[in-house]
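Okay, so here's the structure we're looking at.
The values are calculated or read from the model by the stated rules, or taken from the named source; none is laboratory data. The model shown is predicted, which means the values in this text are computed figures rather than measured ones. For neighbour counting, all protein chains shown are included, and Cβ atoms are generated from backbone atoms with ideal geometry for every residue, glycine included.
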Amino acid sequence: MAEELLYEGKAKRIYASERADQVVMEFKDDATALNGQKRATIEEKGIINRAFTVRLFRYLESERIPTHLLAEIDERRLLVRRLTMIGLEVVVRNRVAGSLATRTGLAEGTVLDRPVVEFYLKDDALGDPLLNDDHIRVLGMADEETVLRMRQMALRINRLLEEFFAARALILVDFKLEFGRTPTQEDGGVVLADEITPDTCRLWDRTTFEKFDKDRFRRDLGGVIEGYREAWKRVQQ
């Protein structure tokens with residue numbers, strides 16, 4: 001019997017599992033940019049992103065960051081906890097790139113004196129707008145305690161990942177996280193979900209500043225899967 005498709009996004013599909021409190025997450029080869037205006041299929045991307053997510057989530061779990069990851073199924077699929085997702089994207093920035101360069105006029109690559117945490121409404125139709133804490137509360141997305149916990153978790157994850165990537169000659173420029181709520185207050189009620197991959201991180205070589213992430217696709221730099229492979233090669237170390 002075919003698994004019931006619960007949700008399909010730009011890069012993943014979510015299926016029902018045998019248990020109501022678990023779902024299956026499948027990584028696709030589809031690539032999108034510019035709020036879906038640019039699309040392509042990049043063979044092998046889903047395989048790399050699944051492996052990337054497992055490596056980083058297991059590392060974060062070893063540092064007591066709660067995640068939704070339960071088990072590996074195959075090269076494209078994971079079994080994860082079923083959460084009530086918080087409809088926000090949490091972005092942590094260590095250097096200026098992407099929209100931050102556009103909004104501030106600062107040169108790409110400028111090192112920030114401390115990490116910047118941003119919240120975006122996860123809504124393609126609205127262009128995923130930037131929100132502040134007041135907007136989040138007015139929209140009923142999360143209460144003050146939950147926003148604070150997401151911010152604190154994002155900053156801790158940033159410290160851990162910066163060290164992890166630095167040991168592999170990579171600069172973590174910025175990255176996106178998503179969180180979900182547990183049915184109880186287990187893990188403080190907020191758990192890291194979704195993925196951490198070259199789709200959701202900007203990763204530059206420490207010496208040459210070569211990009212090994214989705215910007216190769218966004219900017220038509222070529223060698224997209226080669227960049228992902230290099231990032232994965234280093235992450236395995």
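From the list Arg168, Arg137, Arg149, Arg159, the one residue that fits, being out of contact with any strand residue (DSSP E or B) (no Cβ under 6 Å at 6 or more places or on another chain), among the charged types (D, E, K, R) and touching a residue at least 40 places away in the same chain (Cβ under 8 Å), is Arg168. Residues in the range 98-131 that are outside any strand (DSSP E or B), among the hydrophobic types (A, V, I, L, M, F, W, C) and closer than 26 Å to Leu148 by Cβ: 2 in all. One residue alone among Leu70, Leu60 is hydrophobic (A, V, I, L, M, F, W, C), outside the structural domain of Asp133 (by TED's automatic domain parsing) and in contact (Cβ under 8 Å) with a residue 60 or more places away in the chain, and that residue is Leu60.
Condition (residue is in contact with a helix residue (DSSP H, G or I) (Cβ under 6 Å, 6 or more places away or on another chain), in the same structural domain as Met153 (by TED's automatic domain parsing) and in contact (Cβ under 8 Å) with a residue 24 or more places away in the chain) applied to the range 94-112: is it met by at least one residue? Within the range 94-112, none of the residues are in contact with a helix residue (DSSP H, G or I) (Cβ under 6 Å, 6 or more places away or on another chain), in the same structural domain as Met153 (by TED's automatic domain parsing) and in contact (Cβ under 8 Å) with a residue 24 or more places away in the chain. Scanning the range 71-84 for residues that are crowded, with 16+ Cβ neighbours inside 10 Å and either out of contact with any Phe, Trp or Tyr (no Cβ under 7 Å at 6 or more places or on another chain) or not in a loop (DSSP other than H, G, I, E, B) (or both) gives Arg77, Leu78, Leu79, Val80, Arg81, Arg82, Leu83. Listed by position, the strands (runs of 3 or more DSSP E) inside the range 1-56 whose residues that are surrounded by fewer than 12 Cβ atoms within 10 Å (Cβ to Cβ) and at negative phi number at least 1 are 5-8, 38-41.
Every listed requirement among (1) within 16 Å of the chain's Cα centre (by Cα); (2) in a strand (DSSP E or B); (3) free of Cβ contacts under 8 Å to residues at least 40 places away in the same chain is met by Lys176 save one, (3).
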